[in-house]
Amino acid sequence: MMESIKALDAEKCTGCGGCMAVCVTKCISMTEDEEGFLRPNVMQDKCIECGRCMSFCTRKEVYSDFKSKAYAACSKDEIIKQKSSSGGIFYHLAKEFIEAGGIVYGAAFVSPNEVKHIRIDKVKDIDILMGSKYVQSNVSECWEEITNDLLAGKEVLFSGTPCQVESLKKIFRDYEDKVYGIAVVCHGVPSPLVWKKYISLKMGQYDESKIRNISFRDKTFGWNRFSLKIDFDNNEYIDGHEHDIYMQGFLRNLYLRKSCYECNCKGVGGYNDIILGDFWNVEMEIPGIDTYLGISAVIINSKKGKMLWESVIDNLEYRSVSIEQIARNNTALEMSVQKNPDRSIFYQELLNGGIIDEVITSILRKDLIDDDIRRKYYYPILLEYLESYVDGFSLGKILEDNGLCRIVLYGVTDILRIAKMDIEKNNRVDITICDKNPSSFIDEFANSRVCGLEDLVILCNNHEVDAIIICNLLREGQIRNDFEKRNISSKVYSFVQLLPQRKSV
């Protein structure tokens, strides 16, 4: 007897439904767990314990000698860029594929509170699949449709998260020449249950019964300042990603699927023919590039991916870059996000009847510093700095004089903002902004490199950092503990250590 998928650790299941697709007795169905994520349910009376489902789930057999290539790219069509999350590359790939007689599958809203993978075969329908959907898509129901298309001799282009593309390629490994996979760089997938509660709340707040369109990446204020926008019949809701409560919970990893915190599908290799994502901070890598409507990071991973890419490049503006340039500006390409320590508390409160926005707010409020603490602790330090500055003190010059020209400012606070302004006056010192929640500050520091804690580890290991200055002084102890756990060996200073009346460098 072989183990069935029911023996799989719940924290490893991605909800792809591949086990259901390969089950010979059709005894597996996908049902929602209490957090709203799909998981396999095995009907024991039909299961023959052949182990096929478990073998499918745990099998990894990727090998390729193809040398991946990377690009910064965007559509030449401004309308396409405006509709897209980033640079509009997917539209051109899908259009070319359909016009050549192929079928395209991707994530779409089938109702305001549900996202599924659907099938399209007309260019006019590509719009339905465009744009990010920050809620996990139900992909399990499309496997049968893809089977029928392949049996009919059709070629299939599938766009999804890396784990979904992996399942696609494993299910249809006998049709490798006819199946193309585009993976999106994935932060992690939020709970459909949380989204349902959020969108229900919004409909109630706006007294609307019908939603015409939902955009998680509206560019009304630009690509770097994208917003969540909901178009109702007679109204609209729009708020920046740094303010909307659903987006804040998503970006702080509060209700992602458990498997996302230890994702097995990170990296450039794998089953993907093409990887698409945001090329954040691209202006730091390619000075002068126009980023207002977005630039895509494109990684070509196979001969099939190369063929697709070359079929659309006449419609694109693009520049060759290194994979390292992409990875250091979009860490989700290679690294899993950290689980929010309050995730279990969040679900406990939500499942006990809590109102969605109040629950998210109450959890995230723990990350905020009370204004009274700011006045009593930060303001005297800022006053001390300003008095020194009036007397001729320059933080940038102190750093340069000590040979510290590649600086990381850690912990976004008012102190960091002031330190940044001071150091920037010395153009020989390079600054990287680092924070545990970097996505919350991308728009504020659009002209600087912004990274997270795990990115900082990579920079230090690559000897790209001369010194780190801790600017979040209230959490200095915790930050130093985080550094110690990760063996960060670069010189680490507290902001106050660098003031003239304190300990010097």
Over what distance in Å are the Cα centres of the range 423-483 and the range 23-42 separated? 42
What order do you get for 42-55, 272-285 when each peptide is scored by the mean count of other beta carbon atoms within 10 Å, highest first? 272-285, 42-55
Based on other C-beta atoms within 10 Å, arrange 66, 97 from fewest to most. 66, 97
Protection proxy ranking of 439-448, 298-307 - average other beta-carbon atoms within 10 Å, highest first: 298-307, 439-448
Can you pull the one-decimal nm distance between simple spin-label points at residue 286 and residue 173, each 7 Å off the Cα toward Cβ? 3.7
Can you list the residues, at least 5 places off or on another chain, whose amide H is less than 5 Å from the amide H of residue 277, using H built in the peptide plane? 185, 297
On full extension of the chain, what length is gained from residue 454 through residue 344, given 0.36 nm per residue of separation minus the C-alpha to C-alpha distance? 37.3 nm
Residue 43-residue 487 pseudo-label distance in nm [points 7 Å out on the Cα-to-Cβ vector]: 5.2
Ranked from highest to lowest mean number of other Cβ atoms within 10 Å per residue, what is the order of the peptides 114-120, 90-96? 90-96, 114-120
Cut-off under 5 Å, modelled amide H: who pairs with residue 494 long-range: 470
Determine the dipole magnitude for the chain: charges of +1 sit on the beta-carbon of Lys and Arg, -1 on that of Asp and Glu, nothing else is charged, the reference point is the Cα centre, and the result goes in debye to the nearest 20. 780
Would you mind checking which residues have amide H under 5 Å from residue 239's amide H? H placed 1.01 Å from N; only 5 or more apart, or other chain. 228
Please report the equivalent ellipsoid semi-axes of the chain, computed as sqrt(5 x eigenvalue) of the Cα gyration tensor, largest first, in whole Å. 42, 26, 23
Cα convex hull of the range 392-498 - mean projected area over all directions, nm²: 6.4
From Cα pairs below 8 angstrom and at least 6 apart in sequence, can you work out the relative contact order of the chain, rounded to a whole percent? 14
Determine, for 111, 68, the number of other Cβ atoms within 10 Å of each Cβ, and report the residues in order from fewest to most. 111, 68
Among 318, 20, 62, which residue has its Cα positioned farthest towards the positive end of the charge dipole of the chain, with +1 placed on the Cβ of Lys and Arg, -1 on the Cβ of Asp and Glu, and the dipole taken about the Cα centre? 62
How would you rank 405, 451, 13, going from fewest to most other Cβ atoms within 10 Å of each one's own Cβ? 405, 13, 451
State, to one decimal in nm, how far the label point of residue 76 lies from the label point of residue 119, with both points 7 Å from Cα in the Cβ direction. 3.4
Integer Hz, Karplus 6.51/-1.76/1.60 couplings in order for the range 335-347, x for Gly and Pro: 10, 6, 6, 8, 5, 5, x, 9, 4, 5, 5, 4, 5
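Bear in mind these aren't lab numbers, they're just calculated from the coordinates by the rules spelled out. Remember, predicted model here, so these are calculated numbers, not experimental data. As a convention, Cβ positions derive from the backbone with ideal geometry for all residues, glycine included, and neighbour counts pool all protein chains shown.
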